[in-house]
Amino acid sequence: MHGTYGAGPAGRGVAWITAMYLVLPILIVIPVALTDQRYLSLPQEGISFRHFATVLTSEEWLGSIWQSFTIAVAATVLAVTAGTLCAIGCWRISRRSTDLIRVLMLLPLIIPSIVYAIGLYRYFGPLGLLDRFLGVVLAHGVTGIPYVVITVSTALAGFDPRLEQAARSMGASLSQTLRWVILPRIMPGIVSGAIFAFVHSWDELVMVLFIASREVFTLPRRIWDGINENLDPAMAAVAVLLVGFTLLLLLGDRALRRRTEAG
Amino acid sequence: MSGAAGHALAIRGLTKRYGAFTAVDDVSLDVAQGQFLTLLGPSGSGKTTILMAVAGFVEPTAGAVLLDGRDITPLPPERREFGMVFQGYALFPHMSVAENVGFPLRVRGQSRADRDAKVRAALDLVQLEKFADRLPRQLSGGQQQRVALARALVFDPTLLLLDEPLSALDKKLRAELQEELKALHRRIGRTFVNVTHDQEEALSLSDTIAILNHGKLVQVGGPTALYERPRTRFVADFLGKSNFLEGTVRESTLDGFALEAGGARLQVKLTAPAFPPPGGSVVLLSLRPEKLALLAEGETADNMVEGTIRAWSYLGAGFSLVVATEHLGEIRAVLPAWKAAIAPAEGLRLRLGWAADAAVPVEEDAPPGDTT
């Protein structure tokens, strides 16, 4: 930073401690996953990859990973479609009522997920959606909408409304304007929202505990059960894979933002 | 871009209110086929609102927009077939120049071959054939402006609307593009409606200028008519510069009158057919600075005034002087520099003169919000 003073030693110290505080609990699973013991512990005599092997060959773990993945993809599609349309609608109409709608859309983010989960449990029972793929997709998709609304609204705030007027003055219908002008311009915001919606579904546990039991057994659910029933280090290996995957998505998001900023 | 004649536009009693604020107040205008009309006014005068109502982006509170006599007020913008050049151009940043220009054709579902030929012709028209594959951000402001023009013209629009098309360019480029725009208008024979706050641009481009202030139409006419015979003080002041002299009519003749202003007696000859004002009435005169001449020793003019230079500046083509006079207050004069008989200096005494037909009577403007 040109023209500003660097932080003093005390400031640096506090910054490092804060960073460690955030990162250490995540990093600790790495040595645990590499333990040579048969219970959750740090490596004693050497490093072993056998727990990774267990996870990657176990039908249960692989089944849960696949289930989580498909649920997350479907929930993301739902969240992105609804969230993008909502954000564009609010932006186009732009009245006081649309501000209210935008706040309403953020509700799933503000309300504790356990409250939401209880509500879902009440409604999904009579609808036959408990312990169903569709039920979990709906729950995750709807609670993923706020992420998309936020990122797409931000992208739209930087969108020149004259581009839309220009398209219409040239005879473009609403759907043509949407497809050829608005969507390409806000695509980075949509992708960003999609990544957040995906991660949200990918690691969601509380709602799954309420609305799923046997048929739908997502990855976070299997980790949760593993912790409760046996202290298998395979869970740590799964956790490492999860962290790695999430990190990759976030790095992807970052790279995307960089590219838009440069462009 | 065939030689099809332009279309006639008519605006009837157009009014637009936003709550208690009246942006456009009962404006009626006619633009004949192939004409170049400029809506000229300061910011907030309602000129852009009128253009947006013609384009279909603003729904009028009252009044109608007619194209060749047909009421198009209820039509949405995408059904009006008007080309429009937006302020800041509004080029699609994610599309190349050719894709931008081809957009209106793509929207109409034309085949790629048809599109390519028309895009090439349109780019040719604005001399940008070589830039077809560039992105808008790789072009200069002037080039972007030309792309916007090509894009607005490629689908043979019935009208071309221009919203401050040259305001983002520097002065020299603006002058160049003004000439290009004028040549283009002549070549394609379309009806153009332009919005600007730049009086020079309005004077040089237009067949007709409509001057707006506080949402009201103040005066409509050709550039020369408006400049030479402004109806009100606002028009005289906004379109060029002007001195204002107020006095009482002392003597009326058939085509003129004598005015007593601050102890001086001024001769006024009316150039347009009008009744001279009755004796005793108070009249405001507009006198353009360039119509004053420096009088040499012994030289006379219809009207003469003596004063000292209070301030002056050199403009290249001329000297601009502020002269303090005994009877008429401060008077601005612009003298051609190449034949100025004096070297201006503050405090220098001089005599200025002007012909009886140089000054024209103008009205005071109605205050804003007055509906009469």
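Every number in this text was worked out from the coordinates using simple rules, so none of it is lab data. What you are looking at is a predicted structure, and each value in this text was computed from that prediction instead of being measured. Glycine also receives a Cβ, built like all others from the backbone with ideal geometry; neighbour counts cover every protein chain displayed.
Determine the calculated [θ] at 222 nm for chain A from helices alone, applying -39500 (n - 2.57) to every DSSP H run no shorter than 4 residues and normalising by the residue count; nearest 500 deg cm²/dmol.
-24500 deg cm²/dmol
Under a cut-off of 26 Å between alpha-carbon atoms, report the lysines in cross-link reach of residue B:118, not counting same-chain residues fewer than 8 places apart.
Here the lysines satisfying the reach criterion relative to residue B:118 are B:130, B:182.
How many percent of all Cα-Cα pairs in region B:241-362 sit more than 19 Å apart?
45 percent
Going highest first, how would you order B:208-216, B:358-366 by mean Cβ packing within 10 Å?
My ranking of the peptides, most packed first, is B:208-216, B:358-366.
Per residue of A:171-177, what is the mean number of Cβ atoms on other protein chains within 10 angstrom of that residue's Cβ?
If you average over the peptide's residues, the count of other-chain Cβ atoms is 5.
Kirkwood hydrodynamic radius (Cα pairs, Å) of the protein assembly as shown?
After inverting the mean inverse Cα-Cα distance, the result is 31.0 Å.
Taking the number of other C-beta atoms within 10 Å as the exposure measure, put B:103, A:69, B:275, A:124 in order starting with the fewest.
B:275, A:69, A:124, B:103
Once you've got the Cα coordinates, tell me which of B:241/B:291; B:291/B:339; B:241/B:339 are over 18 Å apart.
Cα-Cα > 18 Å for B:241/B:339; rest within.
Kindly put B:84, A:235 in sequence by how many other C-beta atoms sit within 10 Å of each C-beta, fewest to most.
In increasing order of surrounding Cβ atoms, one gets A:235, B:84.
Describe numerically, in nm with one decimal, the distance between label points set 7 Å from Cα along Cα→Cβ at residue B:366 and at residue A:122.
6.3 nm
Given a cut-off of 21 Å, what percent of all Cα-Cα pairs of region B:44-196 lie beyond it?
In whole percent, the share of Cα-Cα pairs in region B:44-196 beyond 21 Å is 46.
Assuming R0 = 60 Å, what is the FRET efficiency of residue A:106 and residue B:87, from their Cβ-Cβ distance, to the nearest 0.05?
The computed FRET efficiency comes out at 0.95.
Out of all DSSP beta bridges with both ends in chain B, state the antiparallel percent to the nearest 5.
Bridges in chain B are about 75 percent antiparallel.
Once you average over the residues of B:73-83, how many Cβ atoms of partner chains fall within 10 Å of each Cβ?
3
Which lysines does residue B:16 reach when only Cα atoms under 27 Å apart count, and residues fewer than 8 places away in its own chain are ignored?
Residue B:16 reaches B:47, B:216.
Residue separation times 0.36 nm, minus the C-alpha to C-alpha distance between residue A:36 and residue A:66: what's the value?
Between residue A:36 and residue A:66, full extension yields an extra 8.1 nm.
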